[in-house]
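The values are calculated or read from the model by the stated rules, or taken from the named source; none is laboratory data. Here the structure is a predicted model, which means the values were calculated and not measured. Here the Cβ positions follow ideal geometry from the backbone for every residue, glycine too, while neighbour counts run over all protein chains shown. All accessible areas refer to the heavy atoms of the entire protein, side chains included, with ligands and DNA or RNA removed. Shrake-Rupley method; radii C 1.70, N 1.55, O 1.52, S 1.80 Å.
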Amino acid sequence: MKWVLYSCCILCFPLLVMGQQFDFAIKVVDNKKQVVEFAGIRLLNKDSSLYALNVTDSLGIAHFTIDSAHQYILRITTIGLKTLEALISVSPQDSMRIFVLSPSGNLLNEVVIAKKKVLMRQEDDKTIIDPEQLAEASSTAYEVLEKTPGLFIDQDGNIYISSLTPAMVYINGRELKMSKSDVAAMLKNLPPNSIEKIEIMRTPSAKYDASGGGGVVNVVLKKGVKLGLNGSVNAGAQQGVYGNQYMGFNLNNNDGKWGSYVNVNATLQDNYQQLNTDRVLKGDTLLSQKAFTQYPGQVLFGNFGANYEGNEKWSLAYIIRSSYNWSNSNTDNNNDIVNNAKNNIIGSSLSQINNRNHILLIDQSLSSKCKIDTSGSEWNNILSYTYSNNRMEQDYLNTSILSVAGGDGLVISNRNFLVGQSDFNQKWAYKINFEAGVKSSFLWFDNDAAYNSGISVAKQTDYIRSNQYRYSENINAAYLQGSKTFGGFILKTGLRLENTNMQGVQSKPSDTSFAIHRSDLFPYVYFSKKIMAIAGYDLRAYLVYHRTISRPSYEQLNPFPKYIDQFMSEVGNPSLKPQFTQNYEANLSVNEHPLLAIGYNDSKNLFTNVFYQSDSTVSQAYRGYDNIGSNKEIYLRGLAAIPPGGKYFALIGGQYNHNVYDGLYQSKPLNFTAESWMFFTYHQLKIDKKSMLTLNGFWRLAGPLQFYELTAMGSLNASINRKFLKDKLSLTLSASDIFYTNNNHFIVRQGDVSASGTRASDSRRFGINFRYNFGIRKKENNTGMFDVDAEGREYSSNGK
């Protein structure tokens with residue numbers, strides 16, 4: 001494997017070093033010195049032929065690689081601001097020019113934001129997704145992620161990017177220290193239009209937490225916008241076997257230095273899951289289970305934020321988000337013990353489970369930003385606190401011909417998560433960028449489960465299921481990172497130090513205390529070079545290396561046996577070790593659009609889902625987690641697209657994964673090779689100026705996913721959007737999983753456990769959504785408005 005990587009580097013190196021070029025950046029701001037995103041920038045030769053084009057990023061900056069120093073015609077365009085055209089001279093001594101765009105002068109009482117955005121673009125070492133069109137056809141933020149090209153979400157809520165190791169999910173750049181199921185539940189509680197953008201980081205830099213072996217998906221939520229008073233109201237419904245309905249509003253206001261926004265959304269949800277499983281007990285004896293679960297629920301979501309801009313250099317912001325979810329799920333599980341040899345049923349039973357959940361989540365943060373100079377240097381600080389409370393009441397009843405047994409329980413979980421973080425970014429001369437930061441996080445989690453066995457008045461304390469568990473975690477981190485641009489190259493290196501302190505105490509029913517204290521280093525190297533320009537499009541190559549850690553979550557460590565049904569329980573493993581992964585990736589992009597990537601992951605202490613049968617009775621099985629050894633993975637990812645901007649935009653991609661596992665399972669050697677393929681696509685057709693048709697989907701060929709063998713599965717989704725009332729009203733008709741293919745047949749063969757089955761859910765749905773935008777923009781004061789001269793120097797319109 002190492003020789004393959006060395007060969008790739010040797011082949012790529014001549015491409016990276018050819019040409020004597022230099023980098024040049026253009027920053028675009030408005031007359032209030034606010035950065036302008038998605039401004040189109042064209043550099044033209046003197047004969048007006050196109051030399052290069054680009055779009056400003058989230059910092060208002062667009063980067064160019066210049067072949068030679070001479071004069072170019074610069075043209076900058078964006079919606080709502082005047083087009084700028086100037087003749088500029090560019091030389092290797094230039095690192096960045098700042099251009100100020102003036103308002104267009106068309107001041108209306110009502111405004112509609114109509115910026116044209118591309119679906120997917122590459123910005124340094126992350127891919128940025130604009131979810132606007134995806135949100136129109138979705139009822140929750142979770143569904144937006146399901147429809148995002150290149151992401152795959154399994155039926156347990158795990159999100160996969162490139163590797164078969166699940167990715168970490170961040171909200172606004174912060175890991176929430178929640179289990180996969182809790183994160184999935186939280187995303188299902190968020191309205192679809194609450195997402196500003198999705199950042200996909202396959203190889204996150206040293207600035208980010210090292211706990212991202214499968215990459216990071218950062219969901220950036222919307223904040224208030226700075227256009228006076230504006231907002232929107234929205235409502236929608238989706239119908240499958242069951243239905244979802246939702247409605248809400250958001251309001252933004254900015255008047256000078258102060259800004260605020262509020263968002264409220266209410267949702268009625270209903271879904272189902274059909275899970276059929278056949279598990280070999282011993283010999284010819286088989287346990288056949290058919291479980292149907294319905295998940296009705298209600299969600300109330302609220303979001304408030306306020307920001308204060310003291311002057312052009314510093315600002316403060318406060319955000320609080322809260323959601324309350326109450327649900328009442330019911331499961332009917334028909335169990336048959338079958339003799340395969342004689343093809344007869346030995347015994348039957350019915351398990352009925354009712355779970356009543358009440359989940360409260362409160363997340364708040366206080367942040368500050370200080371702009372140190374005009375080159376982009378800044379100091380950012382954030383203090384955040386997240387609290388969640390989960391109260392579950394459970395009743396279960398097992399009925400057979402010979403007996404009736406049951407019980408009930410109350411499980412209360414509390415989680416407190418406190419984070420303090422400070423990041424410093426200094427831009428120096430000679431295109432040198434220096435970053436440094438510190439972070440400390442504290443997590444406190446407690447779980448109390450009180451169960452009774454028996455029905456009616458004959459109830460007794462169930463000491464096996466009753467549990468009391470306490471868990472605390474403290475992670476302290478510091479990082480240094482620097483980048484240098486020279487001769488067309490971009491080199492970024494970083495080093496992150498993380499100190500981990502974890503302690504768990506189970507006091508009931510027995511003591512299973514553990515403690516972990518360790519410190520680890522995580523290096524990062526990023527290398528980029530423009531290879532060539534083809535028809536005005538830049539072809540750029542990247543080489544990336546980083547080391548990551550995957551720590552077990554409190555759910556995976558909690559030894560409490562969670563009751564699934566009378567034959568299955570879920571249990572954590574307090575002796576789990578963290579998993580370490582070294583990732584190497586080489587990729588190409590065209591004009592900031594990802595094109596091709598090849599990568600290699602080397603993981604140690606791999607931990608994953610495992611199944612064990614009870615020593616006392618073969619009918620009882622446990623689903624848990626264990627370290628099984630090492631995994632070496634090669635992945636290849638490719639994208640092809642018709643560029644955006646025309647009437648039709650299309651994207652199609654595919655990914656191949658090759659995994660080699662080597663380890664022990666139940667004290668026996670575990671050695672096997674697994675391969676998988678996944679394809680995804682996205683199409684957008686502008687029918688006319690006000691109508692758009694969107695089609696997206698994925699298809700995953702038969703192959704492994706962790707230790708499941710899955711049959712082929714996929715989903716095709718479509719939507720049509722039409723705008724009315726001068727583009728203020730948007731109406732969308734949508735269809736999800738049109739052919740009902742997002743279900744699968746699975747096989748599990750682990751040690752003494754052999755099982756197979758099918759899983760399906762209420763995934764085929766048809767929906768309607770409308771959104772009405774409104775806004776009142778106050779008249780601008782033209783005094784002090786800025787413009788630029790031909791050389792890009794700032795000057796005021798009064799000549800001073």
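For the range 422-556, what mean projected area does the convex hull of the alpha carbons give, in nm²?
For the range 422-556, the mean projected area of the Cα convex hull comes to 14.3 nm².
Can you pull the one-decimal nm distance between simple spin-label points at ASN501 and LYS290, each 7 Å off the Cα toward Cβ?
Between ASN501 and LYS290, the label points sit 5.5 nm apart.
Under a Cβ-Cβ cut-off of 12 Å, what is the net charge of the residues other than ASN333 that fall near it, where Lys and Arg count +1 and Asp and Glu count -1?
In short, -2.
Kirkwood Rh over Cα pairs of the range 650-728 into Stokes-Einstein at 25 °C, 0.890 mPa s: D in µm²/s?
Value of D from the Cα-based Kirkwood radius: 154 µm²/s.
Would you calculate the separation in nanometres between label points at ASP752 and CYS370, each defined as 7 Å from the Cα along the Cα-to-beta-carbon direction?
With each label point 7 Å from Cα toward Cβ, the separation is 6.3 nm.
Please report the spacing between the Cα centers of the range 267-316 and the range 440-454 in Å, no decimals.
19
Hey, rough spin-label estimate for TYR463 and ASP520, points 7 angstrom out along Cα→Cβ, what's it come to in nanometres?
3.9
Could you tell me which of the pairs LYS257/LYS313; LYS431/LYS492; LYS126/LYS689; LYS647/LYS690; LYS313/LYS427 are separated by over 23 angstrom between their Cα atoms in the structure shown?
Numbers: LYS257/LYS313 12 Å; LYS431/LYS492 12 Å; LYS126/LYS689 32 Å; LYS647/LYS690 12 Å; LYS313/LYS427 15 Å.
Over 23 Å apart, Cα to Cα: LYS126/LYS689.
What accessible surface, in Å², does a 1.4 Å probe find on ARG42, ignoring ligands, DNA and RNA and rounding to the nearest 10?
110
Placing +1 on the Cβ of each Lys and Arg and -1 on the Cβ of each Asp and Glu in the chain, which of TYR272, GLN122, GLY494 has its Cα farthest towards the positive end of the resulting dipole?
GLN122
Put +1 on the Cβ of each Lys and Arg and -1 on the Cβ of each Asp and Glu in the chain; which of GLY376, GLN579, LEU287 then has its Cα farthest toward the positive end of the dipole?
Of the candidates, GLY376 comes out farthest on the positive side.
Give me the extension gain from PHE249 to ASN671: residue separation times 0.36 nm, minus the current Cα-Cα distance, reported in nm with one decimal.
This chain segment gains 146.5 nm when fully extended.
Counting Lys and Arg as +1 and Asp and Glu as -1, what is the net charge of the other residues whose Cβ lies under 10 Å from the Cβ of LEU134?
Net charge around LEU134: -4.
Give me the distance between the Cα centres of the range 556-608 and the range 325-368, rounded to whole Å.
The two parts, judged by their Cα centres, are 25 Å apart.
Would you work out the charge dipole size for the range 423-547 about its Cα centre, treating the Cβ of every Lys and Arg as +1 and the Cβ of every Asp and Glu as -1, and quote it to the nearest 20 debye?
660
With 5 Å bins from zero, work out the P(r) of the range 369-486 over every alpha carbon pair and list the percent per bin.
2, 9, 13, 11, 10, 8, 8, 7, 6, 6, 5, 5, 4, 3, 2, 1, 0
Rounded if a/c is under 1.5, else prolate if a/b is larger than b/c, else oblate: which is the range 555-611, with a ≥ b ≥ c the root eigenvalues of its Cα gyration tensor?
Judged from the Cα gyration tensor, the range 555-611 comes out prolate (a/c at least 1.5, a/b above b/c).
Rounded to the nearest Å, what's the spacing between the alpha carbon centres of the range 24-85 and the range 488-503? Just the number, please.
Between the Cα centre of the range 24-85 and that of the range 488-503, the gap is 33 Å.
Tell me the carbon and sulfur percent of the accessible area for the range 240-390, rounded to whole percent, probe radius 1.4 Å.
58
Can you work out the base-10 log of I(q)/I(0) for the chain at q = 0.05, 0.09, 0.11 1/Å, using the Debye formula on its C-alpha atoms alone?
For the chain at q = 0.05, 0.09, 0.11 Å⁻¹, log10 I(q)/I(0) is -0.28, -0.93, -1.40.
Which whole-percent values make up P(r) of the range 190-280 when all C-alpha to C-alpha distances are grouped in 10 Å steps starting at zero?
13, 25, 25, 27, 7, 2, 1
If you take the Cα Rg of the range 277-359 and divide it by 2.2 N^0.38 Å, with N the number of residues, what do you get?
In units of the 2.2 N^0.38 Å rule of thumb, it is 2.19.
Add +1 for every Lys or Arg and -1 for every Asp or Glu among the other residues with Cβ under 9 Å from the Cβ of GLN289, and state the total. Write down the numbers at each step before the final one.
On the way: positive: ARG279, LYS290; negative: ASP278, ASP336, ASP565.
Summing Lys and Arg as +1 and Asp and Glu as -1 gives -1.
Can you give the Kirkwood hydrodynamic radius for the range 238-312, in Å, rounded to one decimal and based on Cα pairs?
Hydrodynamic radius (Kirkwood, Cα pairs) of the range 238-312 is 17.1 Å.
So for the range 574-699, what are the equivalent ellipsoid semi-axes in whole Å, largest first, each being the square root of 5 times an eigenvalue of the Cα gyration tensor? Can you show the working numbers first?
Numbers: eigenvalues 355, 79, 26 Å².
Equivalent ellipsoid of the range 574-699: 42, 20, 11 Å, largest first.
When the accessible area of the range 432-524 is computed with all protein chains present and a 1.4 Å probe, what percentage of it is carbon and sulfur?
In the range 432-524, the share of accessible area belonging to carbon and sulfur is 61 percent.
Given R₀ = 41 Å, FRET efficiency for LYS82-VAL233 by Cβ-Cβ distance, to 0.05?
My answer for the efficiency is 0.80.
For the chain, what does the helix formula give at 222 nm: sum of -39500 (n - 2.57) over DSSP H segments with n ≥ 4, over the residue count, nearest 500 deg cm²/dmol? All intermediate terms of the calculation are to be shown ahead of the outcome.
On the way: 5 runs with 42 residues, N = 800.
Per the formula, -1500 deg cm²/dmol.
With the other protein chains left in place, how much accessible area per residue, in square angstrom, belongs to the range 382-513 at a 1.4 angstrom probe? Before the final figure, lay out the partial values.
Details: 6310 Å² over 132 residues.
Here the per-residue accessible area is 48 Å².
Restricting attention to the alpha-carbon atoms of the range 682-783, what are Rg (one decimal) and Dmax (integer), both in Å?
Final numbers for Rg and Dmax: 22.0, 79 Å.
Which three extents, in whole angstrom, do the alpha-carbon atoms of the range 501-581 cover along their principal axes, largest first?
Result, largest extent first: 69, 35, 13 Å.
Given a 1.4 Å probe and every protein chain left where it sits, what share in percent of the accessible area of the range 587-720 is carbon and sulfur?
Answer for the range 587-720: carbon and sulfur cover 65 percent of the accessible area.
So, taking all protein chains as they sit and a 1.4 Å probe, how much accessible area belongs to TYR648, in Å² rounded to tens?
90
Nearest 5 is fine: what % of DSSP beta bridges in the chain come out antiparallel, could you say?
For the chain, the DSSP antiparallel bridge percentage is about 95.
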